[in-house]
Structures are given as structure tokens and as C-alpha cells.
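Participant: Take this structure, written in C-alpha cells, and hold onto it; I'll ask about it next.
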Amino acid sequence: MEPLAAALRGALLQEGDPGFDTARAIWNGMIDRKPSLIVQAAGPADICAAVDFARTNGLRMAIRAGGHQIAGLAVEEGSMMLDLSAMRSVRVDATAGTVRVEPGATLGDLDHETQAFGLAVPVGVNSTTGIAGLTLGGGFGWITRKYGMTIDNLLSADVVLANGECVRASAQENPDLFWALRGGGGNFGVVSSFEFRAHPVGPEVLSGLVIHPIEAAADLLPKFQELCDRAPDDLTIWAVLRKAPPLPFLPADWHGREILIFAACYAGDMSEGEAAMHELRALGTPIVDVIGPHPFTGWQAAFDPLLTPGARNYWKSRDFLRLGAGTIKAILDAVGDLPDPQSEVFIAHVGGAMARVAADATAYPQRAGHFVMNVHTRWDDPAKDAACIAWARQLFRDTAADAAPSVYVNFMPEDEPDRLGEAYGGNMQRLQEIKARYDPGNLFRVNHNIRPMLAQQAAQ
């Protein structure tokens, strides 16, 4: 260990060292694993040293950036953890409209810096999520319909390969690696820096919630779908079904009761947004309507209180090109029997600019406008594990008939290795070929793993 420790600017931790337990803890409280050692990288040279040490010593290596992944693959029992969470630099070039981001940065870090210049990168909807995992899996959120996915705004990445070499991946340099990084996860190397295109957004956006009684959902969800079909690219509307949290603007007698939430954001001109949201706000008789101007950074963090670290979490996800009557009924039946007040079903609508990218342009292939359902089961008591997981799996089964043959890899739990083909579709063979070129020994395998194509397979 001494040579590795001497090669690091960051820290080397083992069990019993101060900070070890903090470093191994991740967002999903179900995951309690102890790595054999933790390398806390301070920069690219530390990443190279860690990769060389793991390869030379035949170690399995997990890579932690934000530590937010539902499967918990940022940490593995007995393996080496490469912890990138201290690398959080964000540098904005407002003149060029670009931003350079280190892999330990969170979405909140990125938004904080870009919004100082009235700029934003399309990312996710929870500010504590790490930029690295989000980007490598695809990345979508409130401004995806206007500006594309996170990967569609990636200009370049600095990458440490399995052989310890540091390279740049872009449309001009190592373009096959650049293609694979945009959706292929952490299978091809360790990204030490991302360069993104940023867009003018904010500092305020028209955004907020319209909340209805759950009894109205059977009537309103088909209308929600129709609104999504007609929505301009600036407008994003998502649906959330859950028990009402104690929101300060919600009457107290609704707290703890099942509700339907429409969450909406308009990324363009405020007056145009008012017109674009008129139909949504005119639906039914809402309990509350809190659509209005909000700071973009505030809206990006609006759901953070429902997604704090430490709770137990299990997800099941499906894509739908259309929300059929059977799917809507199955969701409503499940919401009527929630296993915990923290559990929810959210339905994200994506399309617009994202859908105008070819399926084979990036590793992420599902480019048709569609709905992403995430069955987000969340609870605190370990005694409820079996019941909560069973509830999520049942709803997953009950919505199979309408599902598209795809899945967003960042929403896959650890027990779904059989769905990797759904995540990558017709892009899988090319990913395996690129994996064989850049990581033939599959060093980067503690992830939703794309195995390298064997030579005999490639020859067939």
C-alpha cells in the first residue's frame, strides 16, 4: 500500500481510518458494503495511479462519483473503491458558452456556477445527483425537450483508460470512445473531466406544481398525455402519484392523502409560458396551483427534500410510447396501496430536441418521444424491505403490456442484468466492440457491465 499512498495527492483509506465509513456511504441506505481500500482522488494523476494499482494487482474496482446510483455499484464488498467525490471543480467559459466539470461535482454545483452567467446544461432533477453517473447514462430533466439530453451537450471528456493512459474523447479525438461514453456508463474508462455546451436559461423559469385529488387521476392522466403530445419544446410536464407530503402551500387536511401532481417547467419567455401552460392549469379542479416564476436553481432543487440520502430505495422502471388504459389502471391501483408514505410513481415525458437525434448517434438509443415511468419505492425500516420491493415488482409486471422494449440504464437496480439489451438495443454490438478495444480485460466491470466482444465473436 505504501507505494500507492506515496503516489497520491489525495488520501488512501482502509477500515478503521478516520473518514472510511463516511467515504463508503452512498445515497441509497440499503447499501452497506465495505471496500478493502478507498482511494480518494484529488486529480487525474491520482486516478491513473489507482487504475494502475488495480490492474497490476488484479483487483476489482468500483468507481464512486456522486454515489447516487440506485444499484449501489459505486461500492462493492471487498473491492477497491476509487472515490472521485472530492473533484468538484466547475469552470464556466461564458464567452464560448461552455463549462468544464470534474466528475465529483453534483448537479447543484453545476447549476450554481452556470446560473451566475445565465447559463444551464440539461441535467437531472435532483441537485445532489452526481454529474458523472448522470452523464454517462444519458441524463434528462426539465430542459431536455428544449436542449437535448446531457450527452447531447457533451463536447469532450478527459478519460483514464484501463491501461492507465490519459486520453481525450470528442467528435475529433477518439470518436468511437466518445460515442460509447454518451450512454454506455462507466464501462470504458474513468472520466476525469467533462466539457459541456451551456445554454441561456433563467435566472427565473415559469415552473411549479398543480396538485389534484387522486380520484381525478383516471380522467386527467389521458388528458396529460394529450397535452404532452402538443407541448412546445420549451414546456415539460411530468406526473407524480404519491401520498401528499406536508408541503407548506397544501392544506393540512390533505397531508398524507393520495394525490396526483403535475410538475411543469417552461424554459422560454415567461409570457409565452403562461399561454403554453394554460391548458394544464385549466384541467379539473386542482387542490392548489403554485405555477409561477421561480429561480432556476431553486426549481432544480425543488424535489431534494423528498430524495435526501440515507433512506432505503428500490426502483423499477419502464418506457412507454403511449400510456394505455391498462397501464393507467395498474398505476392507480398500486398508488391506492402504497407500501410506505415516501413511495411514489413518477411519469416523465421526454422528446423534443432529444427525439431529433438518431438512435445510433450515441450509445443511448431510445430517441422517440416517450414516457419514462419510475416506480420509486422508498422507506426507512429494514423490516419493510420485502413488502416494498414486492410492491414495485408487481407494478412493473402489471404494466408490461404497454411497455416499449427499452429502459433507461440509470434507473436499473442491481437485480436487472437481463435488461441490459433493452438499455442499448441495436447499439449493443458496437458497444461490445469498443469495450474490447479500450478495456479488453474488463477492468471496469463493477457497473451495469458491457462485456468486451471476444475475438471469435467479432470474426463471425
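Participant: Taking the criterion of being part of a loop (DSSP other than H, G, I, E, B), over 15 Å from the mean Cα position of the chain (by Cα) and among the aromatic types (Phe, Trp, Tyr), would at least one residue in the range 125-142 satisfy it?
Facilitator: No, because not a single residue in the range 125-142 is part of a loop (DSSP other than H, G, I, E, B), over 15 Å from the mean Cα position of the chain (by Cα) and among the aromatic types (Phe, Trp, Tyr).
Participant: Does at least one position in the range 268-281 carry a residue that is among the hydrophobic types (A, V, I, L, M, F, W, C) and farther than 25 Å from residue 229 by Cα?
Facilitator: Taking the range 268-281 first, the residues among the hydrophobic types (A, V, I, L, M, F, W, C) are 270, 275-277, 280.
Those left that are additionally farther than 25 Å from residue 229 by Cα: none.
No, the range 268-281 contains no residue that is among the hydrophobic types (A, V, I, L, M, F, W, C) and farther than 25 Å from residue 229 by Cα.
Every residue, every condition in (1) on the phi > 0 side of the Ramachandran plot; (2) not hydrophobic (A, V, I, L, M, F, W, C), yes or no:
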residue: 312; (1), (2): no, yes
residue: 324; (1), (2): no, yes
residue: 327; (1), (2): no, yes
residue: 335; (1), (2): no, no
residue: 339; (1), (2): no, yes
residue: 342; (1), (2): no, yes
residue: 345; (1), (2): no, no
residue: 351; (1), (2): yes, yes
residue: 354; (1), (2): no, no
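Participant: Something else now. Tell me which of these residue 215 doesn't satisfy, since it passes every other one: (1) in contact with a Gly (Cβ under 8 Å, 6 or more places away or on another chain); (2) in a helix (DSSP H, G or I).
Facilitator: Exception for residue 215: condition (1).
Participant: Can you tell me which residue is nearest to residue 6 (Cα to Cα) among those in the range 18-43 that are open to solvent by 60 Å² or more (accessible area, probe 1.4 Å) and not β-branched (Val, Ile, Thr)?
Facilitator: The initial filter retains those residues of the range 18-43 that are open to solvent by 60 Å² or more (accessible area, probe 1.4 Å), namely 18, 21-22, 32, 34.
Imposing the further condition that a residue be not β-branched (Val, Ile, Thr) reduces the set to 18, 21, 32, 34.
Values: 18: 18, 21: 22, 32: 29, 34: 23 Å.
The extreme case among them is 18.
Participant: Taking residue 46 and the conditions (1) touching a Gly at 6+ places or on another chain (Cβ under 9 Å); (2) touching a residue at least 40 places away in the same chain (Cβ under 8 Å); (3) not in a loop (DSSP other than H, G, I, E, B), which numbered condition does it fall short on, given that it satisfies the others?
Facilitator: (2)
Participant: Sticking with this one: With the requirement that a residue be of a type in the set (Asp, Glu) and either open to solvent by less than 10 Å² (accessible area, probe 1.4 Å) or in a helix (DSSP H, G or I) (or both), what does the range 374-400 give you?
Facilitator: The first filter runs over the range 374-400 and keeps only residues of a type in the set (Asp, Glu), leaving 380-381, 385, 398.
Once the filter is applied, which keeps residues that are of a type in the set (Asp, Glu) and either open to solvent by less than 10 Å² (accessible area, probe 1.4 Å) or in a helix (DSSP H, G or I) (or both), the range 374-400 yields 385, 398.
Participant: Taking the residues in the range 271-303 that are of a type outside the set (A, V, I, L, M), open to solvent by 30 Å² or more (accessible area, probe 1.4 Å) and part of a helix (DSSP H, G or I) as candidates, determine which candidate is nearest to residue 130 (Cα to Cα). If you could, list the steps in order and put the result at the bottom.
Facilitator: Step one: filter the range 271-303 for residues of a type outside the set (A, V, I, L, M), giving 271-274, 278-279, 281, 284-286, 289, 292-300, 303.
When the remaining residues are screened for being open to solvent by 30 Å² or more (accessible area, probe 1.4 Å), the result is 271-272, 274, 278-279, 281, 284-286, 289, 293-295, 297-298, 303.
Right, trim to part of a helix (DSSP H, G or I) and you get 271-272, 274, 278-279, 281, 297-298.
Working: 271: 33, 272: 32, 274: 32, 278: 34, 279: 35, 281: 33, 297: 16, 298: 17 Å.
The selected residue is 297.
Participant: Restricting the search to the range 77-111, which residues are outside any loop (DSSP other than H, G, I, E, B) and within 17 Å of the chain's Cα centre (by Cα)?
Facilitator: Taking the range 77-111 first, the residues outside any loop (DSSP other than H, G, I, E, B) are 80-83, 90-93, 98-101, 106-111.
The answer is 101, 106, 107, 108, 109, 110, 111.
Participant: Which condition number does residue 371 fail, the rest of (1) in contact with a Leu (Cβ under 8 Å, 6 or more places away or on another chain); (2) part of a helix (DSSP H, G or I) being met?
Facilitator: The one condition residue 371 does not meet is (2).
Participant: Here are the criteria: (1) under 20 Å from the mean Cα position of the chain (by Cα); (2) surrounded by fewer than 17 Cβ atoms within 10 Å (Cβ to Cβ); (3) modelled with pLDDT of 95 or more; (4) outside any helix (DSSP H, G or I). Tell me which single one residue 440 does not satisfy.
Facilitator: It fails just one condition, (1).
Participant: Go through the residues of the range 48-60 one by one and say whether even a single one is open to solvent by 10 Å² or more (accessible area, probe 1.4 Å), in contact with an Asp or Glu (Cβ under 7 Å, 6 or more places away or on another chain), under 21 Å from residue 438 (Cβ atoms) and not acidic (Asp, Glu). Even if it seems obvious, please write down each step before you answer.
Facilitator: Step one: filter the range 48-60 for residues open to solvent by 10 Å² or more (accessible area, probe 1.4 Å), giving 48-49, 52-53, 55-60.
Of the ones still in play, those that are also in contact with an Asp or Glu (Cβ under 7 Å, 6 or more places away or on another chain) are 60.
Remaining after also requiring under 21 Å from residue 438 (Cβ atoms): 60.
Then keep just the ones that are not acidic (Asp, Glu); that gives 60.
There is at least one residue in the range 48-60 that is open to solvent by 10 Å² or more (accessible area, probe 1.4 Å), in contact with an Asp or Glu (Cβ under 7 Å, 6 or more places away or on another chain), under 21 Å from residue 438 (Cβ atoms) and not acidic (Asp, Glu).
Participant: Tell me which residues, restricted to the range 339-354, are closer than 30 Å to residue 154 by Cβ and open to solvent by 40 Å² or more (accessible area, probe 1.4 Å).
Facilitator: Within the range 339-354, no residue meets the criteria.
Participant: Now a separate question. With the checklist (1) closer than 30 Å to residue 234 by Cβ; (2) open to solvent by less than 10 Å² (accessible area, probe 1.4 Å); (3) modelled with pLDDT under 95 in hand, flag the one item residue 416 doesn't pass.
Facilitator: Of (1) closer than 30 Å to residue 234 by Cβ; (2) open to solvent by less than 10 Å² (accessible area, probe 1.4 Å); (3) modelled with pLDDT under 95, only one is false for residue 416: (1).
Participant: Another question, if that's okay. Counting only residues that are small (Gly, Ala, Ser) and under 16 Å from residue 83 (Cα atoms), which one in the range 94-135 is most open to solvent (accessible area, probe 1.4 Å)?
Facilitator: Residues of the range 94-135 small (Gly, Ala, Ser): 94, 96-97, 104-105, 108, 116, 118, 120, 124, 127, 130, 132-133.
Now restrict to residues that are under 16 Å from residue 83 (Cα atoms): 104-105, 130, 132-133.
Values: 104: 4, 105: 0, 130: 5, 132: 9, 133: 43 Å².
Restricting to residues being small (Gly, Ala, Ser) and under 16 Å from residue 83 (Cα atoms), the top hit is 133.
Participant: Tell me yes or no: at least one residue of the range 104-115 is farther than 27 Å from residue 294 by Cβ, of a type in the set (Asp, Glu) and touching a Lys or Arg at 6+ places or on another chain (Cβ under 7 Å). Break it down into steps so the answer makes sense when it comes.
Facilitator: Initial filter on the range 104-115 (farther than 27 Å from residue 294 by Cβ): 104.
Then keep just the ones that are of a type in the set (Asp, Glu); that gives none.
So far as the range 104-115 goes, no, none of its residues is farther than 27 Å from residue 294 by Cβ, of a type in the set (Asp, Glu) and touching a Lys or Arg at 6+ places or on another chain (Cβ under 7 Å).
Participant: Can you tell me which condition residue 163 does not meet? The list is (1) in contact with a Phe, Trp or Tyr (Cβ under 6 Å, 6 or more places away or on another chain); (2) not in a helix (DSSP H, G or I), and all the others hold.
Facilitator: With (1) in contact with a Phe, Trp or Tyr (Cβ under 6 Å, 6 or more places away or on another chain); (2) not in a helix (DSSP H, G or I) applied to residue 163, the lone miss is (1).
The values are calculated or read from the model by the stated rules, or taken from the named source; none is laboratory data. Predicted model, so just to flag it, every value in this text is computed and none were measured. Glycine also receives a Cβ, built like all others from the backbone with ideal geometry; neighbour counts cover every protein chain displayed. These accessible areas exclude ligands, DNA and RNA; they are computed on the full protein's heavy atoms, side chains included. Shrake-Rupley method; radii C 1.70, N 1.55, O 1.52, S 1.80 Å.
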